[in-house]
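Visitor: Just passing along the structure, written as structure tokens.
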Amino acid sequence: MEMQMEFKRKLPIPKALKEQFPLPQEVKDIKEKRDRQIEDIFTGRDNRFLLIIGPCSADREDAVLDYMQRLVKVQEKVKDKIFIIPRVYTNKPRTKGVGYKGMLHQPDPEKGEDLLEGLIAIRQMHTDVVKETGFTCAEEMLYPENHRYLSDLLSYVAIGARSVEDQQHRMVASGIGIPAGMKNPTSGDISVMMNSIIAAQSPQTFLYRGWEVSTTGNPMAHAILRGYVDRFGRSHPNYHYEDLMDLKEQYDKLELRNPACIVDCNHNNSGKQFLEQIRIAKDVMHSMHVSGEIRRLVKGLMIESYLEDGCQKIGEGVYGKSITDPCLGWEKTERLILDLAELLQ
């Protein structure tokens, strides 16, 4: 039987798209400098705290740039203590495989899918953020083969809870040259996450985009704790003091390079109650004050935040309000960042 798959059109390879939309030297210089600073945080040479913060999904460039321009002003106020990596997530995993999958698929959420237009739009948006704010950003590596379309722009990638067991994600993460955060799976099984970190930190040889490639391993692959669901579908957190100490023990046992953890304050840690992110962030700070080991392990927080509180359905048209998971609005975000800087010792 024939494959039920229509080959619609051949898309440009990443190299061709990068040549068509080249980066100015200033953008390349900013990325190189920020990559070094972020590496210093993960290796312990710089003790600033990372904040990976921004919209659940970057759905429209005007609102995203507005958010980033506000964020850069707050970054300036807290730069001695906090290093911000904005979330500009343009590919969105869908649990059931249907619905809005991000700007990559739909440059306009109210129109149909157009992957060529999407690739151009996400490259343009990431470039504009760097040019206008000096931020290089974080993305979710949902599709490993797409990473190279943005590899000259990104400073951080997260491997999602449903991707972390996948061999291809782990192997590509081993060769990207920037920090790769491996989320615990939705089941909460920490050993799965630790295995993915081992795989990403190890040299790999594999098939990628039609090439046989080899990597040297990624010493900045690390854990992201995002909570989990039990067999009844109920949310459970894993950001508490005991969870962080347990993760420290796992790292010690495995003798991995650069033991590090980012705590995702939303998802199953908050039960998707977006306002809980404020309390959870401060709870993690308290654990860091109590234990020097946790202070060294926890390199930062991940927070979902946009211009307006909550979320909306596609087509409601509220500027700067999430069309995927609910986010903290701007005023609460600014207050939280300033409070976190105060709490950091």
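Bear in mind that the values in this text are calculations on the coordinates, not laboratory data. Keep in mind the model is a prediction, meaning the values are calculated, not measured. Reconstructed Cβ throughout: ideal geometry from the backbone, glycine too, with neighbour counts over all protein chains shown.
Visitor: Which whole-number percentage describes the relative contact order of the range 124-272, with Cα contacts under 8 Å and a sequence gap of 6 or more?
Guide: Dividing the mean separation by the residue count of the range 124-272 yields 18 percent.
Visitor: For the range 16-343, what's the relative contact order in percent, using C-alpha pairs closer than 8 Å and at least 6 residues apart?
Guide: 17
Visitor: Take peptides 54-63, 107-116, 26-35, 297-306 and line them up by average Cβ neighbours within 10 Å, highest first, as a rough protection proxy.
Guide: The densest-packed peptide leads the list: 297-306, 54-63, 26-35, 107-116.
Visitor: Here's another thing I want to ask about it. If contacts are Cα pairs under 8 angstrom and at least 6 residues apart, what is the relative contact order of the range 223-345 in percent?
Guide: It rounds to 22 percent for the range 223-345.
Visitor: Moving on to the next point. Could you work out the local net charge near Thr324, counting Lys and Arg as +1, Asp and Glu as -1, over the other residues with Cβ closer than 12 Å to its Cβ?
Guide: Here the count lands on +3.
Visitor: Another question about this same structure. Would you grab the residues whose amide H sits under 5 Å from the one on Ile84? Only those 5+ places off in sequence or on another chain, please, with H modelled 1.01 Å from N.
Guide: Amide H neighbours of Ile84: Leu51.
Visitor: A follow-up question, please. Would you please give the residues with an amide H less than 5 Å from that of Cys327, counting only those at least 5 places away or on a separate chain, with H modeled from the backbone geometry?
Guide: Gly310, Cys311, Ser322
Visitor: Rounded to the nearest 0.05, what FRET efficiency do Arg335 and Glu32 have when you use their Cβ-Cβ distance and R0 = 51 Å?
Guide: Efficiency, rounded to the nearest 0.05: 0.95.
Visitor: By a straight-distance test (C-alpha under 20 Å), which aspartates and glutamates pair with Lys282 as possible cross-link partners, with residues fewer than eight away in the same chain excluded?
Guide: Asp80, Glu242, Asp243, Asp246, Asp264, Glu293, Glu304, Asp309, Glu331, Glu334, Asp339, Glu342
Visitor: To continue, here is another question. Hey, how many Å between the Cα centroid of the range 183-262 and the Cα centroid of the range 281-326?
Guide: Distance between centres, Cα-based: 20 Å.
Visitor: Which value, in debye to the nearest 20, describes the size of the charge dipole of the range 16-343 about its Cα centre when Lys and Arg Cβ atoms bear +1, Asp and Glu Cβ atoms bear -1, and nothing else is charged? Before the final figure, lay out the partial values.
Guide: Values: 43 positive and 49 negative charges, 67 e Å.
Roughly 320 debye for the range 16-343.
Visitor: Between beta-carbons, use under 13 Å as the cut-off and find the net charge around Lys272, counting Lys and Arg +1, Asp and Glu -1.
Guide: Here the charged neighbours net out to -2.
Visitor: Report, ordered by chain and residue number, the lysines lying within cross-link reach of Lys248, taken as a straight Cα distance under 19 Å and ignoring same-chain residues fewer than 8 apart.
Guide: Lys183, Lys299
Visitor: From the square roots a ≥ b ≥ c of the eigenvalues of the alpha-carbon gyration tensor of the range 16-343, which class results: rounded (a/c under 1.5), prolate (a/b over b/c), or oblate? Could you put the intermediate results ahead of the total?
Guide: Details: a/c = 1.28, a/b = 1.11, b/c = 1.15.
Cα axes put the range 16-343 in the rounded bin.
Visitor: Counting DSSP beta bridges in the range 16-343, what percent are antiparallel, to the nearest 5?
Guide: 20
Visitor: Show me, for the range 4-11, the HN-Hα J-couplings you get by feeding each phi into the Karplus relation (A = 6.51, B = -1.76, C = 1.60, θ = phi - 60°), rounded to Hz, glycine and proline as x.
Guide: Couplings: 8, 9, 8, 8, 7, 6, 7, 8 Hz.
Visitor: Calculate one ³J(HN,Hα) per residue across the range 141-149 by plugging θ = phi - 60° into the Karplus curve 6.51 cos²θ - 1.76 cosθ + 1.60, and present them in order as whole Hz with x for glycine and proline.
Guide: 8, 6, 10, x, 6, 8, 4, 5, 5
Visitor: Amide H to amide H, which residues 5 or more places from Gly300 or on other chains are under 5 Å from it, using H placed in the peptide plane?
Guide: Counting only residues 5 or more places away or on other chains, the set is Leu50, Cys261, Val263.
Visitor: Which order results if Arg45, Arg170, Arg335 are arranged by neighbouring Cβ count within 10 Å, fewest first?
Guide: If I rank by nearby Cβ atoms, fewest first, I get Arg45, Arg335, Arg170.
Visitor: Checking the cross-link filter: which lysines have an alpha carbon closer than 23 Å to that of Lys28, excluding same-chain neighbours under 8 positions apart?
Guide: Filter leaves Lys15, Lys18, Lys73, Lys79, Lys131.
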